[in-house]
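My questions all concern the structure below.
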Amino acid sequence: LDTPISAYFPDFMPDFSKEITIQHLLNNSSGIEANIGRTDDKGNGLMPEETPIAFDELLEKLKDSELKFEPGTGYDYNNFGYLLLAHIIEKVSLQSYDDFMEESVFKPAGMKNTSIAFFNSLNQKAQPYLGLGMSEFKKFNSPFHPSWLMGAADMNSTTVDLFKFMQALDNGKLLKPASVSKIYTATQAMGVNEMLSGLGWVIDHKGDEKWIYNNGLLPGYASVMGSLVEKNIKVIILSNA
């Protein structure tokens, strides 16, 4: 978690990459301007397109980005950080990201209806829709190519499989207990109430009860998955609108 991203991408943001660690990417405290799917007030960031893009091309486009704040001192959600993490997985494991996820996460957790970047045509995929209120919806027909958001928004799954993932995380099938603990303790304050950004999860409260969750939002899709820890209740909602 303490390894700087300069160890993997020495030419990316060379003035700052030695200060940005894997943990900063995971809990969205890196401070990097570079982002995908979001642009800030200054116009920093790229919007994904329908045509595929090579990772090296993305790095080249964003290599001269600067910092919004010193890494580890603030929170700013960043899709590009998770794309960097997916490519770090490839460099460390010497596998493709989808092969690694299949062998190290999906199979051990028993997730038979989950995949990276492709969809099994034998199953039924939810058609995405756009619309406000409940009176009018229209199909969303402008997809982005998954290469733009690998690691951040390129997974197809089901409620049952995501439940299996959460169980496998709780039961030690995916990570050692000490590593699971770091998910919820290696945090960054989000600046809203007492909410904390952990390693891929938000640590919050519903009333007096701990609520650990994450949301997903893409054109045509919305989702939430989380756990009311004390009651051992898991909530997973996937919407195609």
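Quick one: dipole size for region 113-237, taken about the Cα centre, charges +1 on Lys/Arg Cβ and -1 on Asp/Glu Cβ, in debye to the nearest 20.
320
While we're looking at this one, here's another question. Of the heavy-atom accessible surface of the chain (probe 1.4 angstrom), what whole percent is carbon and sulfur?
Taking all protein chains in place, the chain shows 51 percent carbon and sulfur surface.
In addition: Among LYS91/LYS139; LYS125/LYS176; LYS18/LYS182, which pairs are too far apart, with a Cα-Cα distance over 26 Å?
Those over the limit are LYS91/LYS139; LYS125/LYS176.
Which of the aspartates and glutamates could a cross-linker bridge to LYS173, judged by Cα under 17 Å and excluding same-chain residues fewer than eight apart?
GLU102, GLU103, ASP161
Long-range amide H contacts for TYR129: which residues qualify at under 5 Å (H placed 1.01 Å from N, peptide plane, sequence gap of 5 or more or a different chain)?
Residues meeting the criterion, in which the H sits 1.01 Å from N, are PHE140, ALA241.
Just reorder HIS145, HIS24 by solvent-accessible area, largest first, 1.4 Å probe, all chains present.
Order by accessible area, largest first: HIS145, HIS24.
State in Å² the accessible area per residue of region 82-241; use a 1.4 Å probe, count heavy atoms of protein chains only, and round to the nearest integer.
The answer is 60 Å² per residue.
Please check which bits of region 193-234 a label hung off LEU1 would reach, taking the label as a point 7 Å along Cα-to-C-beta and the cut-off as backbone N under 15 Å.
196-203
Now, a different point. What residue among ASN156, ASN193, ASN35 shows peak mean-square fluctuation when the chain is described by a Gaussian network model with Cα springs under 10 Å?
ASN193
Here is a follow-up. Please calculate the 1.4 Å probe accessible area of ILE53, with all protein chains present, and give it to the nearest 10 Å².
Rounded to the nearest 10, that gives 20 Å².
Show which aspartates and glutamates lie in cross-link reach of LYS138 when reach means a straight Cα distance below 18 angstrom and same-chain residues fewer than eight apart are skipped.
none
Sticking with this structure for a sec: Please list, or write none, the lysines whose alpha carbon is within less than 16 Å of the alpha carbon of LYS210, excluding same-chain residues fewer than 8 places away.
Output for LYS210: LYS231, LYS234.
Right, another one. At a Förster radius of 51 Å, what calculated FRET efficiency corresponds to the Cβ-Cβ distance of SER179 and MET47, to the nearest 0.05?
E between SER179 and MET47, to the nearest 0.05, is 0.90.
Which of the DSSP-defined H helices in the chain satisfy a minimum axial length of 18 Å, computed from C-alpha atoms, and a minimum mean Kyte-Doolittle hydropathy of -1.0?
Once both thresholds are applied, what remains is 79-93.
The values are calculated or read from the model by the stated rules, or taken from the named source; none is laboratory data. These numbers come from a predicted model, not from an experiment. Note that we place each Cβ from the backbone using ideal geometry, even for glycine, and neighbour counts take in every protein chain shown. Each accessible area value is taken on the protein alone, full model and side chains, heavy atoms only, with ligands, DNA and RNA left out. Shrake-Rupley method; radii C 1.70, N 1.55, O 1.52, S 1.80 Å.
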